[in-house]
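Working notes, structure below.
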Amino acid sequence: MKAGGALTEKLKSAFLLRQKRLAESECVRLFHGDTEGDPRLLIEKFGPVFWVFEKEREGLPLVRPEEKESVVNAIRVGIPQLEEDFSVYWLLRPKGKLPSDEPELLRGKDREEIIASELGIKYLIRSKKVRHPGLFLDHFPLRKWLMASQQIRGRVLNTFSYTGSLSCAAHFGGAREVLTLDLSKPTIEWAKENWKLNGYPEAAGDFIFGDVFEWLPKFKKKGRQFDHLILDPPSFSRGKSGTFSTEKNMNDLHGLALDLLVPGGLLISSINSETISQDAFQKTLIQLLQKRKQEFEILSPLSADPVGFPRATHLKGLIVRIG
Ligand SMILES: C[S@@+](CC[C@H](N)C(=O)[O-])C[C@H]1O[C@@H](n2cnc3c(N)ncnc32)[C@H](O)[C@@H]1O
């Protein structure tokens, strides 16, 4: 088999599995290397822009130039309705270090900023001075649920919002007001831009650059309540209020969130963890609700998009109605 041949075959099968999704959405994870045969690579498509994330793995060589070429060729032949001048960006994530400040343009013209849509919502996708294009594709099922479940209404607080994709989905799904909160200033600005891009009313969207662990107690003090509260923390965070890890502090975070929900409200809680199982996550949350003597109904478990992330186990969570 010629250089890159084995990889080309893996990419070909992965792209074939996603043909239906590619016809529905401009934003698709095309290759989830961890479970599809090459743990060094993740490939994502945002309209004409492709991002390849290369993870440096112990005991595995870095991707060779001819393998990079075969990734570009596999995209050229395997992706339907591809623009002639599609762009491929490549970001190396070295082991134990931050990746470089922006991806390298491997092919096509520089597309610093484009708009790509998913389920009819537009998102600003960036490829300059960023380490991530701005849309986490594993949450496709949650965005779809927020948009289509008909359970969303009233006031929503979206915490750890990143670029606010869940805020846009919640507004589309029926939220009257959405408050979006993140600890990163550029990210909150990006979330505002995504909101505006979709023509959502300014009065319906509020954006706070701040620490969840400072703001949730502040809201409680002010008697501010929400119909739905979204939590999606990183596995580790350091803010002004101290450090947080999903392993150690999820119960505290759930407690702060539950204090702000109206009766009948929804807690939408998700984590990214390979060490906490869905069972353990659910059990701990239920124990907390029982301790607080709160009635509840589990509406749905959360997991990563099975089309883009086959057999992935990192994302877990629950949508729970609180009595
Ligand atoms: C996993 S991402 C969230 C992804 C987002 N829910 C989405 O679907 O696009 C985690 C986000 O939490 C933010 N963050 C980390 N610690 C925080 C804190 N203490 N308070 C507020 N935001 C925080 C980070 O800036 C980052 O944008």
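Helices (runs of 4 or more DSSP H) fully within the range 33-151 that include at least 1 residues being within 22 Å of ALA6 (Cα to Cα), away from the ligand (no atom under 16 Å from the Cβ) and at pLDDT 95 or above: 33-36, 65-78.
Conditions tested, residue by residue: (1) in contact with a His (Cβ under 8 Å, 6 or more places away or on another chain); (2) of a type outside the set (Asp, Glu); (3) more than 17 Å from ARG311 (Cβ to Cβ).
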| position | (1), (2), (3) |
| --- | --- |
| LEU17 | no, yes, no |
| LEU22 | no, yes, yes |
| SER25 | no, yes, yes |
| PHE31 | no, yes, no |
| PHE46 | no, yes, yes |
| PHE50 | no, yes, yes |
| ARG64 | no, yes, yes |
| GLU69 | no, no, yes |
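VAL28 fulfils the conditions (1) of a type outside the set (Gly, Ala, Ser); (2) touching a residue at least 60 places away in the same chain (Cβ under 8 Å); (3) outside any strand (DSSP E or B) except for a single criterion, (3).
For LEU157, the conditions (1) crowded, with 20+ Cβ neighbours inside 10 Å; (2) within 12 Å of the ligand (Cβ to nearest atom); (3) under 15 Å from the mean Cα position of the chain (by Cα) all hold with the exception of (3).
Could you say whether any residue in the range 290-308 is of a type outside the set (A, V, I, L, M, F, W, C), touching a residue at least 24 places away in the same chain (Cβ under 8 Å), assigned to a helix (DSSP H, G or I) and open to solvent by less than 60 Å² (accessible area, probe 1.4 Å)? Checked the range 290-308: no residue is of a type outside the set (A, V, I, L, M, F, W, C), touching a residue at least 24 places away in the same chain (Cβ under 8 Å), assigned to a helix (DSSP H, G or I) and open to solvent by less than 60 Å² (accessible area, probe 1.4 Å). Only one entry of GLU58, GLU66 meets the criterion of being under 23 Å from THR313 (Cα atoms) and exposed (fewer than 13 other Cβ atoms within 10 Å of the Cβ), and that entry is GLU58.
The values are calculated or read from the model by the stated rules, or taken from the named source; none is laboratory data. The shown structure was predicted, so the numbers you read here are calculated from the model rather than taken from an experiment. Using ideal geometry, Cβ is built from the backbone for each residue, glycine included, and neighbour counts are taken over all protein chains shown. Just the protein is used for accessible areas: all its heavy atoms, side chains included, with ligands, DNA and RNA removed. Shrake-Rupley method; radii C 1.70, N 1.55, O 1.52, S 1.80 Å.
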